[in-house]
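K.L.:
Got a structure for you, questions after.
The values are calculated or read from the model by the stated rules, or taken from the named source; none is laboratory data. Quantities reported herein were computed from a predicted structural model and do not represent experimental measurements. Ideal geometry is used to build each Cβ from the backbone, glycine not excepted, and the neighbour counts take in all protein chains shown.
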Amino acid sequence: MLIKTHRSGFIHPVSSEITPQGIYQQRRDLMRLMAGGAAGAALAGWAGREALAQGVAKPGKLAALPGAKSGVAGAVTMEKVTDYKDASGYNNFYEFGTDKSDPAKNAHTLVTKPWTVAVEGLVKQPKTYAIDDLIKLSAQEERIYRLRCVEGWSMVIPWVGYSLSELIKKVEPLGNAKYVEFITQADPKTMPFVGSRVLDWPYVEALRLDEAMNPLTMLGFGMYGEVMPNQNGAPVRLVVPWKYGFKSGKSIVKIRFTDKEPRTAWNKAAASEYGFYSNVNPNVDHPRWSQATERRIGEDGLFAKKRKTLMFNGYEAQVGQLYAGMDLKKNY
Amino acid sequence: MKAANAALMHPAAKPLVFVLALLPFAWLFYGALTNNLGANPAEHLIRATGDWTLRFLCIVLAVTPLRVITGTPALARFRRMLGLFTYFYVVIHLLSYSWFDMGFDVPEIIKDIIKRPFILVGFSAFLLLTPLAATSFNAAIRKMGARRWQMLHKLVYLIAGLGLLHFFWMRSGKNDFAEVAVYAVILAVLLGWRAWQYMKKKRLQPPAVAGKQLSN
């Protein structure tokens with residue numbers, strides 16, 4: 001069509017950049033077929049789940065937190081899952097130190113119980129949730145997401161949680177609510193590096209309301225079939241798979257609905273380097289390095305060439321329409 | 001200090017220092033072979049070799065002050081080898097970056113060096129260090145003459161500054177300057193001592209001799 005309206009959705013610059021949703025589905029169907037085998041179509045669904053469950057071995061370190069396979073489109077990538085050791089030992093969580101091995105060493109001091117999350121601001125039903133109530137608010141799902149760090153590395157992580165939209169629907173945002181702000185824990189007694197001059201504490205992140213409502217945006221309570229390790233953001237964190245990892249705040253204590261774009265932690269620290277949107281985008285470089293490629297942790301060996309980064313981290317089919325008509329170079 | 005001097009003159013002293021200086025490299029090499037360098041081995045190798053370059057730079061710059069202060073002239077025997085090890089680690093550092101981070105993609109490397117000023121600074125330091133390494137054998141010193149050789153090798157002070165700036169800039173992304181400050185203090189002390197010596201010498205020199213020297 002020559003004339004395009006907003007209703008025709010996101011206009012893809014190059015059609016080859018789109019990862020067809022059908023591809024995922026086909027792969028999954030194939031797995032089901034193979035796993036189901038002679039047992040027939042009736043067992044196929046179960047076998048498919050089983051095949052997936054076997055792919056994610058429980059590390060046996062923390063309490064189990066099972067999640068049913070997610071039905072959300074794009075929520076279960078079939079890529080090789082990153083080793084638990086790497087996913088829980090190579091983290092950016094500056095409240096526990098700036099070296100990526102620091103959080104695993106230092107985060108044991110974090111006290112995750114009791115824990116409450118206050119939901120406030122422009123909502124009809126503000127409420128402070130005890131963590132146990134928040135966990136039970138909706139059915140836990142397992143979702144296998146790609147995680148792309150702004151520093152140029154990536155992982156594939158099986159999270160356990162549910163869509164943030166489930167919570168948002170419960171608290172009923174007012175008509176003028178445009179943004180959702182996530183305020184994370186900043187307790188100098190249990191987080192040794194809160195107070196260092198690296199960032200303004202607490203660490204604050206935010207999304208536009210429609211981004212927060214996208215079914216892929218998730219509240220994460222666990223990973224690898226177990227509760228969240230402290231260094232990964234226990235007891236509850238955000239997971240936004242199409243944005244650079246720092247957008248997904250860890251150890252959240254407050255969720256606030258606002259009408260103005262909140263100032264976020266990294267944006268305050270270096271506005272020219274970290275924009276509000278921070279969508280994964282191979283065509284928009286970080287001012288100090290290229291974002292065209294990435295190194296998959298634990299997979300791409302020392303001598304392997306880095307792999308190409310995908311537009312919206314490969315979630316363009318699910319989230320591209322959120323940014324229809326926006327200049328993503330300007331709104332980085 | 002006589003005993004220390006004698007120990008340093010021992011025939012085994014030089015090979016021992018050589019082996020010690022190779023240990024970090026051996027450790028990293030072994031770690032890379034056995035896949036024991038953590039989640040991101042490329043990053044680990046690049047950072048560790050950079051760290052060791054800075055450390056060797058500090059060590060080699062400490063030789064002369066230590067020699068003078070402790071009165072152990074034998075320390076001078078190790079200066080050349082330690083300087084060459086600094087160059088060895090910076091070469092490994094550059095190779096690690098070009099290979100493991102950039103896959104030897106030369107146009108990409110050039111683009112990256114231009115895009116990232118801190119790499120440009122580090123690369124300049126490497127370039128400046130190259131003639132120093134290349135003129136470290138006796139024949140070069142003889143051919144150049146001690147004075148010109150020394151002038152050339154004074155470049156090391158500039159190189160130290162560039163190396164420190166490179167490290168500072170790299171860490172500035174995370175506003176994390178604690179480690180940078182440690183190197184800055186060490187280098188400031190080592191260079192400050194030289195400046196102080198120079199001033200002292202100037203003050204002690206009778207004007208006539210100084211004039212004679214100038215006319216040389």
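K.L.:
Report yes if some residue within the stretch A:309-325 is surrounded by fewer than 19 Cβ atoms within 10 Å (Cβ to Cβ) and either under 18 Å from A:Thr82 (Cα atoms) or of a type in the set (Asp, Glu) (or both); otherwise report no.
P.N.:
no
K.L.:
Is it the case that some residue within the stretch A:157-172 is of a type in the set (Phe, Trp, Tyr) and under 24 Å from A:Gly275 (Cβ atoms)?
P.N.:
Scanning the stretch A:157-172, I find no residue that is of a type in the set (Phe, Trp, Tyr) and under 24 Å from A:Gly275 (Cβ atoms), so the answer is no.
K.L.:
From the list A:Asp259, A:Asp300, pick out the single residue that is farther than 22 Å from A:Tyr94 by Cα, buried (at least 17 other Cβ atoms within 10 Å of the Cβ) and of a type in the set (Asp, Glu).
P.N.:
The conditions single out A:Asp300.
K.L.:
Can you tell which of B:Leu84, B:Leu57, B:Leu66, B:Leu95 is of a type outside the set (Phe, Trp, Tyr), within 30 Å of A:Arg288 (Cα to Cα) and surrounded by fewer than 19 Cβ atoms within 10 Å (Cβ to Cβ)?
P.N.:
Criteria check complete, one pass: B:Leu95.
K.L.:
Condition check: in contact (Cβ under 8 Å) with a residue 60 or more places away in the chain, over 30 Å from A:Ser154 (Cβ atoms) and among the small types (Gly, Ala, Ser). Does B:Ala13 satisfy that?
P.N.:
So B:Ala13 passes the test.
K.L.:
List pairs: first in the stretch A:82-109 and at the interface with chain B (Cβ under 9 Å from one of its Cβ atoms), second assigned to a helix (DSSP H, G or I) and buried (at least 23 other Cβ atoms within 10 Å of the Cβ), Cβ under 6 Å, 6+ apart or cross-chain?
P.N.:
Short answer, once both residue conditions are applied: none.
K.L.:
Would it be correct to say that A:Gly314 is within 20 Å of A:Met155 (Cα to Cα) and within 14 Å of chain B (Cβ to nearest Cβ)?
P.N.:
no
K.L.:
Among the residues of the stretch B:134-171, what is the count of those that are within 11 Å of the chain's Cα centre (by Cα) and either basic (Lys, Arg) or on the phi > 0 side of the Ramachandran plot (or both)?
P.N.:
Residues in the stretch B:134-171 being within 11 Å of the chain's Cα centre (by Cα) and either basic (Lys, Arg) or on the phi > 0 side of the Ramachandran plot (or both): 0 in total.
K.L.:
Let me ask another. Do any helices (runs of 4 or more DSSP H) lying entirely in the stretch B:1-105 carry at least 3 residues that are farther than 30 Å from B:Ala195 by Cβ and within 14 Å of another protein chain (Cβ to nearest Cβ), and which ones are they?
P.N.:
Per the criteria, B:13-33, B:41-70, B:79-96.
K.L.:
Any idea which of (1) closer than 30 Å to B:Ser96 by Cβ; (2) surrounded by fewer than 18 Cβ atoms within 10 Å (Cβ to Cβ); (3) within 20 Å of the chain's Cα centre (by Cα); (4) small (Gly, Ala, Ser) is the one A:Ala269 doesn't satisfy?
P.N.:
For A:Ala269, the exception is condition (3).
K.L.:
Only one of these is over 30 Å from A:Asp86 (Cα atoms), more than 18 Å from the chain's Cα centre (by Cα) and of a type outside the set (Val, Ile, Thr): B:Ala21, B:Ala6, B:Ala32. Name it.
P.N.:
Going through B:Ala21, B:Ala6, B:Ala32 in turn, just one is over 30 Å from A:Asp86 (Cα atoms), more than 18 Å from the chain's Cα centre (by Cα) and of a type outside the set (Val, Ile, Thr): B:Ala6.
K.L.:
Shifting gears a bit: So which residues in the stretch A:133-173 are within 14 Å of the chain's Cα centre (by Cα) and of a type in the set (S, T, N, Q)?
P.N.:
Correct list: A:Ser154, A:Ser163, A:Ser165.
K.L.:
When the stretch B:21-53 is examined, which residues are found to be among the polar types (S, T, N, Q) and at pLDDT below 95?
P.N.:
Residues satisfying the conditions are B:Thr34, B:Asn35, B:Asn36, B:Asn40.
K.L.:
Test A:Glu226 against the stated conditions and say whether it is in contact with a strand residue (DSSP E or B) (Cβ under 8 Å, 6 or more places away or on another chain), within 21 Å of A:Asn279 (Cα to Cα) and acidic (Asp, Glu).
P.N.:
no
K.L.:
Return yes when A:Lys105 is of a type outside the set (Phe, Trp, Tyr) and modelled with pLDDT under 95 and no when it is not.
P.N.:
no
K.L.:
Are any residues in the stretch A:97-144 more than 29 Å from B:Lys174 (Cβ to Cβ), buried (at least 19 other Cβ atoms within 10 Å of the Cβ) and among the β-branched types (Val, Ile, Thr), and if so, which ones?
P.N.:
A:Val119, A:Val123, A:Ile135, A:Ile144
K.L.:
From the list A:Gly233, A:Gly222, A:Gly249, which one is crowded, with 24+ Cβ neighbours inside 10 Å, closer than 14 Å to A:Glu142 by Cα and modelled with pLDDT of 95 or more?
P.N.:
Only one candidate passes the filter, namely A:Gly222.
K.L.:
Being in a loop (DSSP other than H, G, I, E, B), within 14 Å of another protein chain (Cβ to nearest Cβ) and of a type in the set (Asp, Glu) is the filter here, so list the residues in the stretch A:259-295 that pass it.
P.N.:
A:Glu273, A:Asp285
K.L.:
Can you pull out the residues in the stretch B:52-77 that are among the hydrophobic types (A, V, I, L, M, F, W, C) and more than 13 Å from the chain's Cα centre (by Cα)?
P.N.:
If the condition is that a residue be among the hydrophobic types (A, V, I, L, M, F, W, C) and more than 13 Å from the chain's Cα centre (by Cα), then B:Leu66, B:Val68, B:Ile69, B:Ala74, B:Leu75, B:Ala76 are the ones that fit.
K.L.:
Continuing with this model, one more query. From the list B:Leu132, B:Leu162, which residue is modelled with pLDDT of 95 or more, within 15 Å of B:His93 (Cβ to Cβ), more than 14 Å from chain A (Cβ to nearest Cβ) and assigned to a helix (DSSP H, G or I)?
P.N.:
Residue meeting the stated conditions: B:Leu162.
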